[in-house]
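**Q** Dumping the structure here so I can ask a few things about it.
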Amino acid sequence: MRITVLAGGVGGARFLQGVRAAAEPGDEITAVVNTGDDVTLAGLRVCPDLDSILYALAGVNDTERGWGRAEESERVSAELTAWGVGWPWFTLGDLDLGAHIARSAWLAEGLGLAEATRRLASRWPIGVELLPMSEQPVETHVHLTLPEGPARIHFEEWWVRHRAGVPAERFEFAGAEASRPGPGVLEAIEGADAVLLAPSNPVVSIGPILAVPGVREALVGTAAPVVGLSPIIGGRALRGMAEACLRTIGVGASADAVARHYGPELLDGWLVDPADAGVTERLTADGIPTLARPLLFSSVEETAAIARDAIALAQR
Ligand code: GDP
Ligand code: CA
């Protein structure tokens, strides 16, 4: 089977660990990954979602902090802060910085982001092909009102520095209109046996992927069934602040509202948690076949069972 997963960072990584564990020998797993969180810091191109997924699949991620590499120091970051370079509230560990330096060097040599990503990933047998959604820079910006007045800031500044505490008035996927799907992205969607939407943030992780011209059309047009998993369980986003993003675009923080946001054209199936079992009948009647099963990624084994159920729903 060829399984293609659309994913953001940490939630996407947890789901992909399960998909990989659920796969049979010979199955091919491709992840189309959000690059809207990418940012240039200290002259280096940083790709938070690609790196979160890579480190998690390679088993070298820091599971306690939730980002970066395990057992890394922050000596370089402290030097940069002393010089006033970069964002002091966005610490990059020394091993993580190694990846950003390597990637930036390859990009400066003229390689595309897809090839740079392939080279970074080739260091570990991760069992998943990682594809940036686009090779052109697309950056999620947040329009908001700060004490000093109206402002537009990078998504990571809003998320990490402000902890999404200042209401976002609008998200802008800067550069999306002029971007093209990355190498292999459309093929991965069109040639798949099943396409799965990870329970990643619908607005700022899956949203930018869908904003790359041609991607939504490919998902609607592909013969492959497209099945999504709800990031909202019982009205709450797990391990994240997705509610704040949904509020900004006027979508309720419910499994039902997120499914309707993606819509029946895009979705051929939707998985919700038993806490939201009440919405399955109406959603199914409205053209989105919906099943309830526990959606908490409590272990890799449990996440693999969830992935198998998503694939089974796709095959129905
Ligand atoms: P980020 O880019 O690191 O913010 O990560 P993602 O966008 O990929 O994933 C964040 C989303 O994953 C959150 O909004 C959560 O709702 C969702 N999530 C995290 N853990 C779980 C889980 O165990 N089950 C489900 N269904 N969703 C989860
Ligand atoms: Ca992210």
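The values are calculated or read from the model by the stated rules, or taken from the named source; none is laboratory data. All values reported here derive from a predicted model rather than from experimental measurement. FYI the Cβ positions are ideal-geometry reconstructions off the backbone, even for glycines, and counts take in every protein chain you see. These area figures cover heavy atoms from the full protein model, side chains too; ligands, DNA and RNA do not enter into them. Shrake-Rupley method; radii C 1.70, N 1.55, O 1.52, S 1.80 Å.
**Q** What accessible surface, in Å², does a 1.4 Å probe find on Y55, ignoring ligands, DNA and RNA and rounding to the nearest 10?
**A** Solvent-accessible area, nearest 10 Å²: 10 Å².
**Q** What is the dipole size for segment 194-276, taken about its Cα centre, with +1 at each Lys and Arg Cβ and -1 at each Asp and Glu Cβ, in debye to the nearest 20?
**A** Dipole of segment 194-276, to the nearest 20 debye: 240 debye.
**Q** For the chain, with equal point scatterers placed on the C-alpha atoms only and solvent neglected, what are the log10 I(q)/I(0) values from the Debye formula at q = 0.08, 0.09, 0.11, 0.16 1/Å, to two decimals?
**A** Values returned for q = 0.08, 0.09, 0.11, 0.16 Å⁻¹ are -0.34, -0.43, -0.65, -1.43.
**Q** Now for a different question. Return the percentage of antiparallel bridges among DSSP beta bridges fully within the chain, rounded to the nearest 5 %.
**A** Percent antiparallel among DSSP bridges in the chain is about 45.
**Q** Working with all protein chains in place, sort M133, M241 by solvent-accessible area computed with a 1.4 Å probe, largest first.
**A** These residues rank, largest area first, as M241, M133.
**Q** If you place +1 on the Cβ of every Lys and Arg and -1 on the Cβ of every Asp and Glu, how big does the dipole about the Cα centre of segment 8-151 come out, in debye to the nearest 20?
**A** Here segment 8-151 has a charge dipole of around 120 debye.
**Q** Relative contact order for segment 13-65: what is it in percent, counting Cα pairs under 8 Å that are at least 6 residues apart?
**A** 37 percent
**Q** How much of C245 can a 1.4 Å solvent probe reach, expressed as accessible area in Å² and rounded to 10?
**A** Rounded to the nearest 10, the figure is 0 Å².
**Q** Right, something else. Give me Rg over Rh for segment 1-101, both radii from the alpha carbons and Rh done the Kirkwood way, two decimal places.
**A** 1.04
**Q** With unit charges on the beta carbon (Lys/Arg positive, Asp/Glu negative), name the residue among L186, N201, V226 whose Cα is farthest towards the positive pole of the charge dipole of segment 153-263.
**A** Farthest towards the positive end: N201.
**Q** Net charge around W270, counting only other residues with Cβ within less than 15 Å of its Cβ (Lys, Arg = +1; Asp, Glu = -1)?
**A** -4
**Q** Any chance you could list the semi-axes, whole Å, largest first, of the equivalent ellipsoid that the Cα gyration tensor gives for segment 138-229, using √(5λ)? If you can, show how the numbers build up before the last one.
**A** On the way: eigenvalues 192, 40, 16 Å².
Its equivalent ellipsoid spans semi-axes of 31, 14, 9 Å.
**Q** Name the most mobile residue of E172, E156, E217, meaning the one with the largest mean-square fluctuation, in a Gaussian network model of the chain with Cα contacts below 10 Å.
**A** Among E172, E156, E217, the largest GNM mean-square fluctuation belongs to E217.
**Q** Please grab the % of Cα pairs in segment 74-221 that end up more than 25 Å from each other.
**A** Across segment 74-221, Cα pairs with separations above 25 Å total 43 percent.
**Q** Sticking with this one: To the nearest µm²/s, what D does Stokes-Einstein give for segment 130-182 at 10 °C and 1.306 mPa s, using the Kirkwood radius over alpha carbon pairs as Rh? Write out the running numbers ahead of the final one.
**A** Working: Rh = 12.0 Å.
Reported coefficient: 132 µm²/s.
**Q** For segment 250-255, take each phi angle, set θ = phi - 60°, evaluate the Karplus expression 6.51 cos²θ - 1.76 cosθ + 1.60, and give the result in whole Hz per residue in order, putting x for glycine and proline.
**A** For segment 250-255, the Karplus curve yields x, 10, x, 8, 9, 4 Hz.
**Q** Kindly rank 158-171, 62-75, 198-211, 24-37 from highest to lowest mean number of other beta carbons found within 10 Å of each residue. Intermediate values should be presented prior to the final figure.
**A** Values: 158-171: 16.4, 62-75: 13.8, 198-211: 26.4, 24-37: 21.6.
Order by mean packing, descending: 198-211, 24-37, 158-171, 62-75.
**Q** Full extension from A223 to T284: what is 0.36 nm times the residue separation minus their Cα-Cα distance, to one decimal in nm?
**A** Extra length available between A223 and T284 comes to 20.0 nm.
**Q** Using unit Cβ charges (K, R positive; D, E negative) and no other charged atoms, how large, in debye to the nearest 20, is the dipole of segment 266-312 about its Cα centre?
**A** 40 debye
**Q** So what does log10 I(q)/I(0) come out to for segment 196-235 at q = 0.27, 0.28, 0.29, 0.31 Å⁻¹, using the Debye formula with one equal point on every Cα and no solvent?
**A** With one equal scatterer per Cα and no solvent, log10 I(q)/I(0) is -1.00, -1.03, -1.06, -1.11.
**Q** Return one number: the angle in degrees, 0 to 90 and rounded to the nearest 10, between the long axis of the Cα atoms of helix 300-315 and the longest principal axis of the Cα atoms of the chain.
**A** 50 degrees
**Q** To the nearest Å, what is the center-to-center distance of segment 179-204 and segment 291-316, using C-alpha atoms only?
**A** 19 Å
**Q** From the phi angles alone, apply the Karplus equation (6.51, -1.76, 1.60; θ = phi - 60°) to segment 151-163 and give each ³J(HN,Hα) in whole Hz, x where the residue is Gly or Pro.
**A** Once rounded to whole Hz, the list reads 8, 10, 10, 5, 3, 5, 5, 5, 6, 8, 6, 9, 6.
**Q** Taking amide H positions as placed 1.01 Å from N in the peptide plane, with prolines and chain starts having none, which residues 5 or more places from T30, or on another chain, fall under 5 Å of its amide H?
**A** Here I3, T4, V5, E129 satisfy the definition.
**Q** Just report the Cα centroid separation between segment 124-165 and segment 42-86, whole Å.
**A** Segment 124-165 and segment 42-86 have Cα centres separated by 15 Å.
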